[in-house]
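Presented below is the structure to which this report refers.
The values are calculated or read from the model by the stated rules, or taken from the named source; none is laboratory data. Every value quoted in this text rests on a predicted model; they were computed, and no experiment measured them. All Cβ positions, even for glycine, are placed from backbone atoms using ideal geometry, and neighbour counts span all protein chains on display. Protein only, heavy atoms only, side chains kept; ligands, DNA and RNA dropped before computing areas. Shrake-Rupley method; radii C 1.70, N 1.55, O 1.52, S 1.80 Å.
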Amino acid sequence: MPTIWGCLDRIEEYHHGTRWVQVRVTLPGGSVIRTRALVGRQTLVARGIERVDLSTLCAGELVEVSYHHGRDGFMEAETIYVPPERVSVA
């Protein structure tokens, strides 16, 4: 399954409950692209091993988005994964 890694730019909500996430991806060489992913009812949104609501995600977080279908900068998200925060031990 294809996967992209990037920073969450924003969550967009449209009529009829349609939700999208916009992800900023930095390519090798420094080029930046923005990709939109449709978040459906079956999309798994998780932080670490816990399922979370999309509303708990924040702009700037590193996210992994896996998807089945993608075309022209749009895709249908299968999973949106946020690595758990790392806690430093002092």
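Within segment 10-19, being open to solvent by less than 90 Å² (accessible area, probe 1.4 Å) and either at pLDDT 95 or above or of a type in the set (Lys, Arg) (or both) holds for one residue alone: Arg19.
Residues in segment 59-77 that are over 15 Å from Glu12 (Cα atoms) and in contact with a Leu (Cβ under 7 Å, 6 or more places away or on another chain): Glu61, Val63. Residues in segment 43-62 that are of a type in the set (Gly, Ala, Ser) and either open to solvent by 20 Å² or more (accessible area, probe 1.4 Å) or under 16 Å from Cys7 (Cβ atoms) (or both): 3 in all. Based on what the data block shows, is Ile4 of a type outside the set (D, E, K, R) and open to solvent by less than 50 Å² (accessible area, probe 1.4 Å)? Taking the combined requirement at face value, the residue satisfies it. Restricted to segment 20-36, and to residues there that are exposed (fewer than 15 other Cβ atoms within 10 Å of the Cβ) and farther than 24 Å from Glu85 by Cβ, the residue that is nearest to the chain's Cα centre (by Cα) is Arg34. Annotation note: of Val63, Val39, Val52, Val82, the sole residue that is within 14 Å of the chain's Cα centre (by Cα) and farther than 12 Å from Val23 by Cβ is Val52.
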